[in-house]
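Only one structure is covered here, and it is reproduced in the block below.
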Amino acid sequence: SSTFSEPDELIRDASKMLPRQLYRVFYETSVTLSCYVGTELHVQHREKPKLRLREGNAFQAIADFSLSKDLNTERIRRHTKWQQKKHPSSYISAFNNISKFHYYDSQRIGHRVSIAEISTEGLVAATVRRTVEETVGRWQGLDFLGKEVTTRHEKIPVWVNESIIPSDRSDIPVAQLKGSKYEMWLSITELRRCGSDFRLACSKGHDFEWLAAGAIPKSRITRVMPFDGETLHKYPELGIVRSIRRVEPYFFDYKTSTWQLEVSDARKRKPESEARKGQKRPKTTDDVGEESGRIPSPKPSEDVPATCPTCGHTLSEGSA
């Protein structure tokens, strides 16, 4: 079952464990699907050939989240192995602060980096309580000695949307939680405090990490901030934000919260061969100078003698 009003949940609700905002760093090669990245860049996966970003989601994991299959240590450990391709993760990472570690020390390279700010308003503490039964085969060499069944009780701290909680805050079955359109978040720090029930391997940076189960809805995104390679632009500016590490010229479009390819005036112009059609004379350097606003310097020629700018007298070699 899932509980909401036990002492553990009340203490967690009153604590400052849940930050007001979470932050997710993403870029053009991120594995997680996002509405802030062009669909042509969305990842394809052999295990999910029909993978599409569902309407209403800002971010979406490759695998669909299953409460019975994914809420365990093995699947969370799998999520921390970012380079692994098999058995795709159903979690999405976010962090409780904007840290330079996430884009300076990462081994991944992104040219169009953004940070999404995620509101946690309306999330409340809950606990998934369940009994887990494990069956382990016992072998001695090639001889099978039988099965050993062990049972343990787990209490897993989670954060869910308050909209699914009954008005009297009574417990609800896990099946009901599974069947509803719910949001679920997990804190790595809280999971580590579960003791022997839910142990996690330590890894750098994970104390700041939160995991969203399956997807993050658009309704939670309060703003998207571009990182140009040197500066994080937290608020819209009058000037144009361009990617410094770009291979091609990209700028950040605040209206769509996405990086867009910049189309220069030169690309919009017709090819020179087409532009010359219909002209009475060939294009000269004078034309180029007028278009660019600069007067081109004339090149000296052996066929045209130099003249005095005052009297018009032709100057020959050696004249003063």
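We did not get these values from a lab; they are worked out from the coordinates using the rules stated. Note that the structure is predicted; figures quoted are calculated from it, not measured. Cβ: placed from backbone, ideal geometry, glycine included. Neighbour counts: every protein chain shown.
Scanning residues 5 or more positions from T258 or on other chains, those with amide H under 5 Å from its amide H are D253, with H placed 1.01 Å from N in the peptide plane. Ranked by the mean number of other Cβ atoms within 10 Å of their residues, highest first, the peptides 5-11, 188-194 fall in the order 188-194, 5-11. Sorting 217-225, 115-123, 134-142 by average packing, meaning the other beta carbons within 10 Å per residue, from highest down gives 115-123, 217-225, 134-142.
From least to most packed, judged by other beta carbons within 10 angstrom and beginning with the fewest, M184, M17 follow the order M17, M184. Pairs exceeding a 31 Å alpha-carbon distance, out of K86/K234; K16/K234; K69/K147; K16/K255: K86/K234; K16/K255. Over all pairs of different C-alpha atoms, the range 1-42 has a mean inverse distance whose reciprocal, the Kirkwood radius, equals 13.8 Å.
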